Amino acid sequence: MLQIRRIEPFYTKRVGDRLKLVFAYQYFSVLKDDELFNFIPVEGKEIIINLKTLQVENLSDVFVFQRGSRFIRLPLYQLLLVSNIHDHLQKILDDLELKKEQKEARAAAHSEFELLFNEMENQNRLHLIDVALDRRDKNLFDDLTNMR
């Protein structure tokens with residue numbers, strides 16, 4: 001059995017219901033018989049996952065790994081059968097979902113901040129209107145109430 005030592009997408013791209021994980025040199029390596037083979041993007045270089053079914057779609061793409069002058073060529077379907085790549089892909093998907101949730105949380109916090117900030121501005125404007133009335137400052141009152 002092959003062990004995935006490292007698998008980090010060079011970049012990810014979501015296209016509709018599909019997620020493309022694109023790999024480059026040194027971001028993907030396998031351990032076979034205690035020897036480390038590094039991915040080289042001479043043939044297949046991406047894994048396409050259908051996000052609805054969580055199935056890998058490009059099973060026939062061939063991934064090539066190199067150690068010195070020796071090469072391992074594996075179709076993706078075989079790599080899925082003889083390695084622990086499922087665990088790593090699940091972690092990548094979980095990390096992407098976590099990033100999505102964090103982004104949504106930041107957006108919600110930003111919206112909440114905007115509402116709070118607008119409310120504080122409004123309260124401050126009302127306070128300044130009270131000050132203008134107390135001082136009988138017609139110009140300031142007109143500025144604050146947009147009557148000018």
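The values are calculated or read from the model by the stated rules, or taken from the named source; none is laboratory data. A quick note: this is a predicted structure, and the numbers were derived from the prediction, not measured. All Cβ positions, even for glycine, are placed from backbone atoms using ideal geometry, and neighbour counts span all protein chains on display. Keep in mind that these areas ignore ligands, DNA and RNA; they rest on the heavy atoms of the full protein, side chains included. Shrake-Rupley method; radii C 1.70, N 1.55, O 1.52, S 1.80 Å.
Surface exposure of the chain, expressed per residue as accessible area with a 1.4 Å probe, stands at 71 Å². One decimal place: the segment L51-L80 gains 8.7 nm when fully extended, by the rule 0.36 nm per residue minus the C-alpha distance.
The aspartates and glutamates within cross-link reach of K138, meaning a Cα-to-Cα straight distance under 15 Å and a gap of 8 or more places when in the same chain, are D130. Count the net charge of all other residues whose Cβ sits under 14 Å from the Cβ of L80, scoring Lys and Arg as +1 and Asp and Glu as -1. Net charge around L80: -3.
Annotation: peptides 119-128, 23-32, 10-19, ranked by per-residue average of other Cβ atoms within 10 Å with the highest first, follow the order 23-32, 10-19, 119-128. Charges were assigned to the Cβ only: +1 to each Lys and Arg, -1 to each Asp and Glu. The resulting dipole of the chain about its Cα centre is roughly 600 debye. Taking 0.36 nm per residue of separation and subtracting the current Cα-Cα distance, fully stretching the chain between Q123 and N58 would add 17.6 nm.
Here Rg and Dmax of the Cα atoms in Å was computed from the coordinates, and among (1) 19.8, 60; (2) 28.5, 90; (3) 14.5, 41 the match is (2). Of all lysines in the structure, those lying under 20 Å Cα to Cα from K99, and not within fewer than 8 positions of it along the same chain, are K13, K20, K52, K91. Taking the protein heavy atoms of the chain in the context of the full set of protein chains, the accessible area attributed to carbon and sulfur is 51 percent at 1.4 Å. What is the stretch 2-82 by shape, rounded, prolate or oblate, if you read a ≥ b ≥ c off the alpha carbon gyration tensor as root eigenvalues and call it rounded for a/c under 1.5, prolate for a/b larger than b/c, and oblate otherwise? Since a/c reaches 1.5 and a/b is larger than b/c, the shape of the stretch 2-82 is classed as prolate.
If R0 is 35 Å, the Cβ-Cβ spacing of R73 and E101 corresponds to a FRET efficiency of close to 0.40.
Each peptide in 50-60, 105-115 was scored by the mean count of other Cβ atoms within 10 Å over its residues; highest first, the order is 50-60, 105-115. Axis of helix 85-135 versus longest Cα principal axis of the chain: the two differ by about 10°, to the nearest ten degrees. How much net charge surrounds Y25 when only other residues with a Cβ under 15 Å from its Cβ are counted (Lys, Arg +1; Asp, Glu -1)? Once positives and negatives cancel, what remains is +1.
May I ask which residue of L31, F71, L19 lies farthest towards the positive end of the charge dipole of the chain, with charges of +1 (Lys, Arg) and -1 (Asp, Glu) on Cβ and the Cα centre as origin? Of the listed residues, the answer is F71.
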